[in-house]
Amino acid sequence: MSAIRLALAAALMLPAAAHAQQMSPGYVFLKAIRDEDGNKVNDILGQPGQTIINTKDRTTGEGALHIVAKSGNLTYLRFLLAKGANPNLQDNRGNTPALLAVESGSVEAINALAARKANLNLGNSSGETPLIRAVQLRNLDMVRTLIAAGANPDQADVIAGMSARDYAKRDTRTPALLKVIEEAPAAKPKAAVAGPRM
C-alpha cells in the first residue's frame, strides 16, 4: 500500500518539476524579489557575468526595482541600485521606479533613486512625471523632495498638457503645493561644453 502512495506522490510531483524546469531565469529572479527571498536573490546576482538585474516581467514590463518601489522596501531598493539596477527602467506603461515610489509615498526611495542618477523628469506613457503625480496626490513632502532633487515643475504631461505647476494652481485645497513650487529656484541652464569647434 505504501508503494502505491509513493508512486502516486511521485506522479503528482512530475508536473510541478516539469513546470519548474520551464521557468526562465528572469521569472525565477523576479519571483525571488516578490517573495523577498534574500538568499535566492543573492545567489542569482552572485553568479559571474549575471545581467539579470534589469530583467522585465513579460506581461507587465516590471523589473525588480518596480516591484520593490511599489512595496516600499527601501532595503531591497538600495541593494538593487548598488548592484547596478537601472533606476530609469520603464514598465509597459512607461512607469519608472521613481513614479512608483511617489505612489507608495516613500521620500527615502526617491532620495535613493536620485542618488543613483534616476531621471526624475522621465514621464510614463501619459507624460505623467513623478512630480506631477506627487502634486496630484497632494504629498507636500514628496513635492519638496522632488523639487530639491531637480524635478522640473513645468514639464507637461501628454494627456491634459498640464505641468505640476498647472496642477498645483488648480488645487485650491492645498495651496502649499504651489507655494513650494513657486519658491523653488529656477533650473539653471546647462553650461556649454568648451572644446574645439569642427
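Yes or no, residue by residue, for (1) within 15 Å of Ala109 (Cβ to Cβ); (2) free of Cβ contacts under 8 Å to residues at least 60 places away in the same chain; (3) of a type outside the set (Asp, Glu):
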residue	(1), (2), (3)
Asp35	no, yes, no
Lys40	no, yes, yes
Gln47	no, yes, yes
Asn54	no, yes, yes
Arg58	no, yes, yes
Ala64	yes, yes, yes
Val68	yes, yes, yes
Ser71	yes, yes, yes
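Among residues belonging to region 20-38 that are in a helix (DSSP H, G or I) and of a type in the set (Gly, Ala, Ser), point out the one that is modelled with the lowest pLDDT.
The initial filter retains those residues of region 20-38 that are in a helix (DSSP H, G or I), namely 20-22, 25-34, 38.
If we keep only those that are of a type in the set (Gly, Ala, Ser) too, we end up with 20, 26, 32, 38.
Numbers: Ala20: 44, Gly26: 92, Ala32: 96, Gly38: 91.
Checking each candidate, the answer is Ala20.
Of everything listed in (1) modelled with pLDDT of 95 or more; (2) assigned to a loop (DSSP other than H, G, I, E, B); (3) more than 14 Å from the chain's Cα centre (by Cα), the single unmet condition for Lys169 is (2). Of the residues making up region 124-166, those that are farther than 20 Å from Leu113 by Cα, in contact with a strand residue (DSSP E or B) (Cβ under 8 Å, 6 or more places away or on another chain) and in a helix (DSSP H, G or I) number 1.
The values are calculated or read from the model by the stated rules, or taken from the named source; none is laboratory data. Everything quoted here is computed from the prediction, not taken from an experiment. So basically every Cβ, Gly included, is an ideal-geometry build from the backbone, and we count neighbours across all protein chains shown.
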